[in-house]
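Heads up: the structure comes next, in structure tokens.
Quick note: the coordinates plus some simple rules give every number you see, no bench work behind them. All of these numbers come straight from a predicted model, not from anything done at the bench. Ideal geometry is used to build each Cβ from the backbone, glycine not excepted, and the neighbour counts take in all protein chains shown.
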Amino acid sequence: MKEDGNDMTAPQMSPSDNRTDPTPRARTGPNEEDRAPMSFTVRVFIYLVGVHFIAAFLFFLFYVAGG
């Protein structure tokens, strides 16, 4: 008797029996997935500049009031 995919007596294959792993790519630099979105980067930059501006303003107020 010939065994084929339609034969119910044929051994059943699980998905892991036929798995082929893709070959890993050589990394040459940062991938698109590794970087933060541009809007997030811009927002962080604005927050950093804003916080430093507020800190400088407070430093200036204390400098003028103490002087």
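Quick notes on this structure:
- For the range 33-48, backbone phi angles converted through the Karplus equation (6.51, -1.76, 1.60; θ = phi - 60°) give residue-by-residue couplings of 6, 7, 8, 6, x, 4, 5, 5, 5, 5, 5, 5, 4, 5, 4, 5 Hz, Gly and Pro being listed as x.
- Here r is the Cβ-Cβ distance between I54 and T28 and R0 is 30 Å; the resulting FRET efficiency, rounded to 0.05, is 0.15.
- Segment M38..T20, full-extension length gain: 2.9 nm, with 0.36 nm per residue of separation and the alpha-carbon distance subtracted.
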